[in-house]
Amino acid sequence: MEQFDQSLEVFMDNVGWLAPFLFVLLHLLRPLLFLPVIAVCIAGGFLFGFFEGAVLSFIGLTLMSWVSYLLVNKFPKFRDKMSRLKDKFFPDRTLSVVQVMILRIMPFVHFHLLSLYLMEMTKSLKEYMAISALGLIAPAILYTAFGQAISEFPWYTTVSMFLLLAAIFSFIEKWQNSRTQSN
């Protein structure tokens, strides 16, 4: 990860004013390069600082959400592949928008899988993009601001943070199920 950050920093320094555009492009190419969202956002904070890095990451992630929508709706095979992945990871489970937003904060959860959930919950591209953009604010800010610190925490602190997020996710699911049963 450190080597990736250093080589990216040298490259961005050499391109000057094109750096923000190339960084957003990196977000779009990220799935093809097998880079996790957190790695790119951490690099954004490192290269551009907290505010600009978070804004650029938000723009890149939002554009990636739009591309996901286009891919799923234009290519049925891609939709089928994502549906199989959804059935594998979350069989017979319906997630709420809040749960999807929490999962977006968790590193290494498949970005396009969560996008598929949001697509299934919404009726139009406009509604999907609005909800998706809201769900991308937290990861863009958290990964940019705290990504470097999280990667330097001892393993037990990182595990504790994941367990806390999992507990919140589980609580929301139980709360949602109890509301559904009471109705």
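The values are calculated or read from the model by the stated rules, or taken from the named source; none is laboratory data. Keep in mind it's a predicted model, so treat the numbers as computed, not measured. Quick reminder, even Gly has a Cβ in these numbers, built from the backbone with ideal geometry, and neighbours come from all protein chains shown. Just the protein is used for accessible areas: all its heavy atoms, side chains included, with ligands, DNA and RNA removed. Shrake-Rupley method; radii C 1.70, N 1.55, O 1.52, S 1.80 Å.
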Q) How are the C-alpha pair distances of segment 47-138 spread across 10 Å bins, as whole percents from the shortest bin up? A) 16, 49, 28, 7, 0
Q.
Which lysines, if any, have their Cα less than 25 Å from the Cα of Lys126, not counting same-chain residues under 8 positions apart?
A. Lys74, Lys77, Lys81, Lys86
Q) Going by accessible area, probe 1.4 Å, with all protein chains left in place, what is the ranking of Arg179, Arg84, largest first? A) Arg84, Arg179
(Q) At a threshold of 8 angstrom on Cα-Cα distance, excluding pairs fewer than six apart, so keeping six or more, what relative contact order does the chain reach in percent? (A) 25
(Q) Could you work out what % of the accessible surface of segment 1-109 is carbon and sulfur, using a 1.4 angstrom probe and leaving DNA, RNA and ligands out of the count? (A) 68
Q) Which value, in Å², gives the accessible area per residue of segment 35-181 when a 1.4 Å probe is used on the protein heavy atoms? A) 56
**Q.** Calculated from backbone phi, Karplus (6.51, -1.76, 1.60) coupling profile of segment 46-61 in Hz, x at Gly/Pro
**A.** 5, 7, 10, x, 4, 5, 5, x, 5, 5, 5, 5, 4, 4, x, 5
Q: Relative to the longest principal axis of the C-alpha atoms of the chain, give the angle of the C-alpha long axis of helix 76-89, reported between 0 and 90° and rounded to the nearest 10°.
A: 70
Q. Going from most exposed to least, what order do His110, His27 have by accessible area with a 1.4 Å probe?
A. His110, His27
**Q.** ³J(HN,Hα), Karplus 6.51/-1.76/1.60, whole Hz, each residue of segment 23-33, x for Gly, Pro
**A.** 5, 5, 4, 4, 4, 6, 8, 3, x, 6, 8
Q. Near Phe169, within a Cβ-to-Cβ distance under 13 Å, what is the net charge of the other residues, with Lys and Arg +1 and Asp and Glu -1?
A. +2
Q.
Test of understanding: given the chain, find the longest segment containing no chymotrypsin sites (Phe, Trp or Tyr not before Pro) that are in a DSSP loop and have at most 16 other Cβ atoms within 10 Å.
A. 109-183
Q: First obtain the Kirkwood hydrodynamic radius of the chain from its Cα pairs, then insert it into the Stokes-Einstein equation at 10 °C and 1.306 mPa s, and state the resulting D in µm² per second as a whole number.
A: 91
Q. Mind listing the phi-derived Karplus ³J(HN,Hα) values for segment 122-127, rounded to whole Hz, using 6.51, -1.76 and 1.60 with θ = phi - 60°, and x for any glycine or proline?
A. 10, 9, 8, 4, 4, 5
Q | Residues Leu32 and Thr157, FRET efficiency given R0 of 25 Å [Cβ-Cβ distance, rounded to 0.05] | A | 0.20
Q. Using a simple spin-label model with points 7 Å from Cα along the Cα→Cβ vector, what separation in nm is obtained for Val97 and Ser170?
A. 2.7
